[in-house]
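Right, one structure below, let's go through it.
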Amino acid sequence: MAFFTPQPRKDEPVAKLEPKPEPRVESPREPVAPPAPAPARRVEEPVMSAIQPKGESLVAKGLTIEGKIEGSGDVRIAGRFKGTINVKGEFRIEPGATIEGEVSAETVLVGGEVNGKIVAASRVEFKESGSLIGDLKAGSLTVAAGSKMRGNVEFGWKEGEVEGLPLKDRGHAAIR
């Protein structure tokens with residue numbers, strides 16, 4: 001097989017070939033600017049739903065945890081917990097959840113079962129499905145029809161007010 005280089009025809013004008021420019025070689029003394037950084041992408045934060053308020057911790061249904069919960073913020077239990085709870089916020093026990101131990105919080109909402117003691121600085125609220133076997137002490141108490149309690153209950157008293165009652169009245173101070 002033969003290779004032929006194209007030959008200009010005699011009747012066509014000859015095109016001038018322009019020399020190719022030499023590639024520019026940068027000397028090492030010249031500073032090379034780094035490429036401009038790409039603009040930062042803005043990542044949108046997901047919007048929290050109204051179901052889970054800001055600052056709420058959850059023990060989900062199906063989980064069983066044993067130990068101690070302490071801190072500030074709201075806590076919601078939908079599973080099982082055994083131990084001590086001390087939170088500065090709202091503590092919610094969902095229907096079907098069980099707590100075994102002592103609960104201390106600003107507000108306690110009981111929809112599940114508690115076997116132990118509840119102490120609330122502000123209030124305790126029992127839903128229809130809520131039950132308590134143990135003692136309760138709170139600033140105020142709300143009980144829905146259908147809820148169950150067995151134990152000693154104190155509410156509506158200021159700290160130290162019960163201790164000031166005569167001995168004959170102390171046993172029945174919470175039942176007035």
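The values are calculated or read from the model by the stated rules, or taken from the named source; none is laboratory data. Treat the numbers as computed from the prediction; the structure is a model and nothing was measured. Cβ coordinates were reconstructed from backbone atoms using ideal geometry, including for glycine residues, and neighbour counts include every protein chain displayed.
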Which numbered condition T98 misses (of (1) at pLDDT 95 or above; (2) among the hydroxyl-bearing types (S, T, Y); (3) closer than 24 Å to G156 by Cα): (3)
Number of the condition not met by L63 [criteria: (1) buried (at least 16 other Cβ atoms within 10 Å of the Cβ); (2) under 17 Å from the mean Cα position of the chain (by Cα)]: (1)
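Say whether the condition of being among the basic types (K, R), within 18 Å of the chain's Cα centre (by Cα) and either part of a strand (DSSP E or B) or surrounded by 14 or more Cβ atoms within 10 Å (Cβ to Cβ) (or both) is met by at least one residue in region 99-118. Working first, answer last.
Our first condition is that a residue be among the basic types (K, R); within region 99-118, this holds for 117.
Pick out the ones that are also within 18 Å of the chain's Cα centre (by Cα) and you get none.
No, region 99-118 contains no residue that is among the basic types (K, R), within 18 Å of the chain's Cα centre (by Cα) and either part of a strand (DSSP E or B) or surrounded by 14 or more Cβ atoms within 10 Å (Cβ to Cβ) (or both).
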Which numbered condition I69 misses (of (1) modelled with pLDDT of 95 or more; (2) within 19 Å of the chain's Cα centre (by Cα)): (1)
